[in-house]
1. Output the number of the condition that residue 105 fails; it satisfies all remaining conditions of (1) modelled with pLDDT under 95; (2) more than 28 Å from residue 40 (Cβ to Cβ).
2. Based on this model, can you work out whether residue 115 counts as at pLDDT 95 or above and closer than 13 Å to residue 140 by Cβ?
3. Select the strands (runs of 3 or more DSSP E) contained entirely in segment 6-100, then report the ones holding at least 2 residues which are at pLDDT 80 or above and in contact with a helix residue (DSSP H, G or I) (Cβ under 9 Å, 6 or more places away or on another chain).
4. Suppose the filter is farther than 17 Å from residue 50 by Cα and in a helix (DSSP H, G or I); does residue 106 pass it?
């Protein structure tokens with residue numbers, strides 16, 4: 001039992017593993033989540049539905065405005081945490097209407113111009129928060145790998161470091 005006391009003291013004195021991360025705009029207190037949490041070298045961001053300075057309803061200005069609002073919010077969280085879109089390693093996209101997929105891609109990809117594209121999953125989702133047409137959540141890493149695109153191998157999808 002006595003041998004456990006130093007270990008317990010060490011654990012109590014060490015910083016928490018999961019730490020709230022800065023957000024570009026104060027989140028309304030009524031929202032039951034953090035905009036981002038850093039765990040080690042990974043930044044986990046909550047899903048963004050598109051917001052404008054006046055509130056969380058960029059989607060009322062149309063689909064393209066909602067994409068820009070969501071991506072700008074992600075960019076703000078990244079910037080406030082010392083990262084940029086080149087540090088994003090994974091995004092998950094939820095679309096209310098999968099017919100909007102081409103429009104989403106057209107508005108999404110410019111945010112990664114000159115940078116490697118992250119891995120991504122997408123699916124149709126009915127009933128997104130606040131009636132939004134989309135939600136985008138991303139994960140970023142503080143250890144940015146240099147993107148080297150290997151030559152594609154026939155019959156296999158390329159992987160990027």
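The values are calculated or read from the model by the stated rules, or taken from the named source; none is laboratory data. All of these numbers come straight from a predicted model, not from anything done at the bench. Here the Cβ is made from the backbone with ideal geometry for all residues, glycine too, and neighbour counts use every protein chain on show.
1. Of everything listed in (1) modelled with pLDDT under 95; (2) more than 28 Å from residue 40 (Cβ to Cβ), residue 105 misses just condition (1).
2. Details: at pLDDT 95 or above: no; closer than 13 Å to residue 140 by Cβ: yes.
It is false that residue 115 is at pLDDT 95 or above and closer than 13 Å to residue 140 by Cβ.
3. Those strands (runs of 3 or more DSSP E) span 42-45, 88-95.
4. Answer is no for this residue.
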